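Accompanying notes for the structure given below.
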Amino acid sequence: MTAILSPTTILSALEERMDKPTARGLAHAVSRAIRDGVLPSGTRLPPIREVATQLALSPTTVSAGWSLLARAGAIRTDGRRGTTVADPVDPSNTRYRRALEGQTGFSLDLSTGVPDAALLPSLRSALGRLTTAGTPGSYLDEAVLPELRDVLLDGWPYVASDISIVDGAMDALDLVARTALRFGDRVVVEHPCFPPLLDLLDSIGADVVGVPLDAEGMQSQLLAAALASPTAAVFVQPTAQNPSGISTTPRRARALAELIERADTLVIEDDSAGAIASAPAISLGRWIPERTVHIRSFSKSHGPDLRLAAVSGPTPPIDNMLARRQLGQGWSSRLLQRILLSLLTDEGSRAEVQQAQREYARRRSAIVDALAQRGVTVGGTDGINIWVPVQDEAAALVRLASQGIGVTPGSPFAVLPHMPGHIRVTSGLVATEHDALADRITAAANTTGWTGRGR
């Protein structure tokens, strides 16, 4: 139901909260008024010209402010009904939910993007070393086990001054995004991009710009063009990019680092593949450590339920992240940290992870090669997913589903418009019968419209 507030009340609330006479300043004012409960869901906002007149802004500025708010999902424009404050974001309408909705009941579910449980290292030895969960001397104790910090720093892809532990890669991305970015900040991401990151950036009202990838990573010329406008952060996945499987080459990483250094911006790296990637670990921090936040997840290599990731970066953003954590979970379980430390130092566990990396590479190559023999070219070289081009995305999904095979639609990964059809297939879950799977994927990739005759 539409909330009825007088235009005078609304405009007074915005004027009190607007610190700058700009589109972003207006968007911030509306956002603060919503957060403060002054503008409840359904509140109808005054017409653009009335807002412009009363707040001494141009109609163009108000329109641009409304566009920022609409992209963030804060307001909704509905023709003659005008512009109203939107309901809180429905979690069922996020890109991530759309990517996975309906993905149940398959005999072969390759939509998940999760590692093969059979390839995770055994916890028997690590758990055998534990006696109690442990008790901190204080709730302000060191958040990272010193021994774990030393091991991580020793294998980090650049010389970092310190490392923190958080509850997985998305926890790290959420912390850095919410502390380093403000509503309306312009950020650059890869195209295609991991849907949960796009959902996160949408939720904080970031202005997202996509830069396409080629075989070496984010295209440097297009990044240079994107950085011509003020940019708060650049997000990249340096190895086994999800969904494309592209790993950034050292040559490209250096070129990107030079561009980002000149632009005086922050790069946030999400190394979610970690130790199961075939390519050597790489980071732009090798060239610009003072501008690089590097996140390494252990979910794919050591187990999603460990919920651990390590993060390094310049002092200001890391301090801000840790300060925010003190208001919530405080620290990541030292019990889980001790398990991870054991897995990273035990020779048997290390060998298991190395074997998993080789096996994932074998599975990926087997499917990619079989598809190539059938005329379907898959790019990328790394990770547990493959990014398969298809003629008709919906038709490919339905055809495979009719055969009991679940895959992920490509459209939720799109940042730029008019992306050709794709499906993401978790190749890391397929140990055998690669030729048979390639036959079915090829047929689906060449399907131009669902006829109900797929078998």
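The values are calculated or read from the model by the stated rules, or taken from the named source; none is laboratory data. Computed from a predicted model, the values in this text were never measured in an experiment. Positions of Cβ are generated from backbone atoms using ideal geometry, with glycine treated the same way; all protein chains shown enter the neighbour counts.
In summary, Leu198 fulfils each of the numbered conditions (1) in contact (Cβ under 8 Å) with a residue 40 or more places away in the chain; (2) over 22 Å from Ile423 (Cα atoms); (3) surrounded by fewer than 24 Cβ atoms within 10 Å (Cβ to Cβ); (4) among the aliphatic types (A, V, I, L, M) with the single exception of condition (2).
Residue count for the range 378-399 satisfying the condition of being part of a strand (DSSP E or B) and surrounded by fewer than 20 Cβ atoms within 10 Å (Cβ to Cβ): 1.
In the set Gly184, Gly245, which member is crowded, with 19+ Cβ neighbours inside 10 Å and at pLDDT below 95?
On the way: Gly245 fails: at pLDDT below 95.
Answer to the selection: Gly184.
For the range 354-387, a tally of residues being farther than 16 Å from Pro243 by Cα, of a type in the set (A, V, I, L, M, F, W, C) and in contact (Cβ under 8 Å) with a residue 40 or more places away in the chain returns 5.
Can you name every residue in the range 221-260 that is closer than 19 Å to Glu290 by Cα and of a type in the set (S, T, N, Q)? Across the range 221-260, the qualifying residues are Thr231, Gln237.
Find the strands (runs of 3 or more DSSP E) located wholly in the range 178-270 whose residues include 3 or more that are closer than 26 Å to Thr315 by Cα, and list them.
Values: elements: 186-191, 207-214, 233-236.
Ranges flagged: 186-191, 233-236.
Going through (1) farther than 26 Å from Ser67 by Cβ; (2) surrounded by fewer than 20 Cβ atoms within 10 Å (Cβ to Cβ) one by one, Ala224 falls short only on (1).
Taking the condition modelled with pLDDT of 95 or more, closer than 26 Å to Arg262 by Cβ and buried (at least 18 other Cβ atoms within 10 Å of the Cβ), does Val311 pass?
Values: modelled with pLDDT of 95 or more: yes; closer than 26 Å to Arg262 by Cβ: yes; buried (at least 18 other Cβ atoms within 10 Å of the Cβ): yes.
In short, yes.
One line per residue, one yes/no per condition, for (1) at positive phi; (2) in contact with a helix residue (DSSP H, G or I) (Cβ under 7 Å, 6 or more places away or on another chain); (3) among the polar types (S, T, N, Q):
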position	(1), (2), (3)
Val368	no, no, no
Leu371	no, yes, no
Asp382	no, no, no
Leu397	no, no, no
Thr408	no, yes, yes
Pro420	no, no, no
